[in-house]
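A.B. asks: Dumping the structure here so I can ask a few things about it.
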Amino acid sequence: MDEEDSPGQAHTRAEKEMYRQKRAHYRLQGGSRYRAEMDDMLHLAQPGTLEQMLDDGKVITYWQPKYSLKDGRICGAEALVRLRHGDDVLSPGQFMPLLESLHRTYLLDYFVFEEACRFLRRRLDDSRSVVPVSTNFSRNTFVMPDFLDRLETFRHRYNIPLALLQVGITETVDAADQAVFQDMARKLHAHGFCLVIDDFGVAHANLATLAEVDFSVLKLDKRLIHSLESNPRLLKILEMLILTSHSLRINTVAEGVERPEQLAILSGMGCHEVQGFLFSRPLPLEEFQQKLDAVPPPRGDGAQSSGKSSCGCRS
């Protein structure tokens with residue numbers, strides 16, 4: 001510390017140096033985790049910053065509908081987190097890698113889950129149609145010892161039926177945490193939560209995970225869907241996955257569907273649900289509610305009015 005510095009000035013300079021080093025660290029890492037725009041996100045590492053953004057309404061949700069391939073109706077939704085940054089709305093890829101490295105994603109994970117509960121409660125109270133809502137959790141959040149208790153605290157606060165809440169696991173835990181991961185998954189399944197393997201087919205989301213844990217929904221990653229029409233080997237793999245899921249009574253959801261040709265192939269394979277830009281981009285809450293309000297009345301046996309459903313839309 002320079003002799004003329006006050007303790008406050010020294011602290012400020014130390015913080016600036018810390019953020020400079022963090023920026024250099026992420027740049028040196030390279031690869032898929034570093035993005036240049038992360039430089040503008042390093043302020044999230046400051047204690048209390050993320051909490052203040054939550055209080056100020058700068059953390060928001062977007063909603064992407066899921067559609068049944070049986071009847072074309074909206075049969076579910078995925079609640080997604082976004083950050084307001086000036087005039088921009090940032091997607092998770094622009095800030096989640098940093099928060100994951102800081103083990104701070106749990107604040108956003110629980111925020112989105114509570115928003116899903118709040119959304120469902122309002123619509124149930126207003127006698128408006130509802131569909132199951134999926135929210136994603138990072139591996140760090142999922143293996144917290146009180147994870148199930150915290151979900152139940154929110155669920156009971158808003159009195160939401162279990163059938164309307166889906167818990168998505170966005171990535172497989174490290175090998176050292178595998179036993180903890182499996183134990184928590186068993187607890188959630190036994191309690192009645194619908195578990196979703198998200199982004200299946202990339203990274204570590206593999207058949208071993210499918211075999212070891214009682215999941216109810218398998219989400220096929222958009223990278224598997226992207227070249228569906230032109231890759232015969234991929235067609236065979238997806239046919240195998242969907243057929244296996246059918247035999248295990250697991251619902252299949254294809255994400256990233258952008259072209260009618262992809263939709264036709266997935267329908268022919270027996271995929272249960274789809275989501276993607278062919279139908280709808282992720283929407284601000286009010287726009288999603290308008291789309292959901294336009295859904296025709298249910299035929300009397302679905303979750304759109306009662307909340308009493310299985311984990312997905314089976315065809």
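The values are calculated or read from the model by the stated rules, or taken from the named source; none is laboratory data. Quick caveat, the model's predicted, so the values are computed rather than measured. Because the Cβ atoms are built from the backbone with ideal geometry, glycine has one as well, and the counts that use them run over all protein chains shown. For the accessible areas, the whole protein counts, side chains as well, though only heavy atoms, and no ligand, DNA or RNA atoms are used. Shrake-Rupley method; radii C 1.70, N 1.55, O 1.52, S 1.80 Å.
A.B. asks: Pairs, please: C-beta under 8 Å, at least 6 apart or cross-chain, first residue under 21 Å from LEU108 (Cβ atoms) and charged (D, E, K, R) and in region 121-150, second open to solvent by 50 Å² or more (accessible area, probe 1.4 Å) and in a loop (DSSP other than H, G, I, E, B)?
C.D. replies: So the pair list comes out as ARG121/ASN159; ARG139/GLU171; ARG139/ASP174.
A.B. asks: Let me ask something additional. Looking only at region 113-134, decide whether some residue is in contact with an Asp or Glu (Cβ under 6 Å, 6 or more places away or on another chain) and closer than 13 Å to THR61 by Cβ.
C.D. replies: Yes, the conditions are met somewhere in region 113-134.
A.B. asks: Could you identify the single residue in GLY72, GLY76, GLY93 that is assigned to a loop (DSSP other than H, G, I, E, B), under 30 Å from ALA264 (Cβ atoms) and either in contact with a Ser or Thr (Cβ under 9 Å, 6 or more places away or on another chain) or not aliphatic (A, V, I, L, M) (or both)?
C.D. replies: Just one listed residue meets the conditions, GLY72.
A.B. asks: Still on this structure, please answer the following. Test of understanding: among GLU286, GLU239, which residue is open to solvent by 70 Å² or more (accessible area, probe 1.4 Å), at pLDDT 95 or above and either under 25 Å from THR170 (Cα atoms) or more than 18 Å from the chain's Cα centre (by Cα) (or both)?
C.D. replies: Just one listed residue meets the conditions, GLU286.
A.B. asks: If ALA203 satisfies all but one of (1) more than 19 Å from GLU78 (Cβ to Cβ); (2) surrounded by fewer than 16 Cβ atoms within 10 Å (Cβ to Cβ); (3) at pLDDT below 85, what's the number of the condition it fails?
C.D. replies: (1)
A.B. asks: Can you pull out every residue in region 270-283 that is surrounded by fewer than 17 Cβ atoms within 10 Å (Cβ to Cβ) and among the small types (Gly, Ala, Ser)?
C.D. replies: Hit for region 270-283 is GLY270, nothing else.
A.B. asks: Picking from GLU78, GLU51, which residue would you name as being closer than 15 Å to PRO284 by Cα and acidic (Asp, Glu)?
C.D. replies: Checking each option against the conditions leaves just GLU78.
A.B. asks: Could you list all residues from region 81-114 that are closer than 24 Å to LEU148 by Cβ, acidic (Asp, Glu) and open to solvent by 40 Å² or more (accessible area, probe 1.4 Å)?
C.D. replies: Answer for region 81-114, where residues must be closer than 24 Å to LEU148 by Cβ, acidic (Asp, Glu) and open to solvent by 40 Å² or more (accessible area, probe 1.4 Å): just GLU100.
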